[in-house]
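Visitor: Quick one: the structure is below, questions incoming.
The values are calculated or read from the model by the stated rules, or taken from the named source; none is laboratory data. All values reported here derive from a predicted model rather than from experimental measurement. As a convention, Cβ positions derive from the backbone with ideal geometry for all residues, glycine included, and neighbour counts pool all protein chains shown.
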Amino acid sequence: MNLLDIADNLEFKDGIWFSKNTSEIPYPQGDSEPYFQMEEKSFWLKHRKSCVLETIKNFPSEGYLVDVGGGSGYLAQELEKSGISTFLIEPRIDKILNAKRRGLKNLLCSTLEDAKFHGGSLNAIGIFDVLEHQKDDAYFLAMINDILAKDGQVFITVPSFNILWSSGDDFMRHYHRYTLGGITKKLERAGFKIEYSTYIFSILPVLIFLFRKIPTLLGISKHSSEGALRKDYIQNYSVLSGLLNKIWAQETSLLKKKKKIHFGSTCLVVARKRSVLC
């Protein structure tokens, strides 16, 4: 995919595409190397990867899937291995360089807005735990709708339920948590029709409430530092690991069959651009 054919604000240097100007990045800054090192240990990233992969296989599209805000390429690498052509967009150069270390070739260091893609130029976009970082999420979804080609698809994961809001959300610079009903309405208003929606991580709301929400209510800021967040990010709740692994396997099996899970800490949605806006 030659980005110069579909975007107006890019240049190519040392095997990486860059936007010519840079906006503020709506994510916490800091050293990304520790996160890069721990990604393979994270049960959460591993299960989300499996759920996203099975869902994309169920709803294939032509051409590239553009993984917006895809970090160091943990998910994009797996998509590529599975035969899904993927283009990674990430505004932080340190994460782009980590993705390059993973062997990924299709890399753009930019925000989606700064890249200035032409209207109707992309067939599929993935925003995996990205939308909650957008203060104006309605604007962001409308921008994606404009960039997508006719009948183009968007694949989304977002954190669920405001009742689970904790110091971790504050530290990660989240603006939103969602329900399936809430994200569905936002997508429909932005010009999409829903093809599939489900929750995943069905048992995690209980654990998040116990180990994040309650400490926050008690004024214990567990996630006031990157180190504390990383530790929480990779823990596998070892006492429950056997049960959790069975639950994750069951969830993946349900998603393969396009079944719906009715409760969980993450919303997963597939939506398609409507041909005619209502």
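Visitor: Go through segment 166-273 and tell me which helices (runs of 4 or more DSSP H), entirely inside it, have 3 or more residues that are modelled with pLDDT of 95 or more and surrounded by 13 or more Cβ atoms within 10 Å (Cβ to Cβ).
Guide: Per the criteria, 180-189, 241-256.
Visitor: Is there any pair linking a residue in segment 173-198 that is farther than 22 Å from Ile163 by Cα to one that is at pLDDT below 95 and surrounded by 15 or more Cβ atoms within 10 Å (Cβ to Cβ), with Cβ under 7 Å and at least six apart or on different chains, and which?
Guide: Pairs found: Gly191/Arg274; Phe192/Arg274; Lys193/Arg274.
Visitor: While we're looking at this one, here's another question. Output the qualifying pairs, or none if there are none: Cβ atoms under 6 angstrom, residues six or more apart or on different chains, first residue in segment 87-101 and without any contact (Cβ under 8 Å) to a residue 24 or more places away in the chain and within 27 Å of Glu62 (Cα to Cα), second residue assigned to a helix (DSSP H, G or I) and aliphatic (A, V, I, L, M).
Guide: Leu88/Ala76; Leu88/Ala99; Glu90/Ile96
Visitor: Which members of segment 244-253 meet the condition of being more than 17 Å from Lys41 (Cα to Cα) and touching a residue at least 40 places away in the same chain (Cβ under 8 Å)?
Guide: Correct list: Ile247, Glu251, Thr252.
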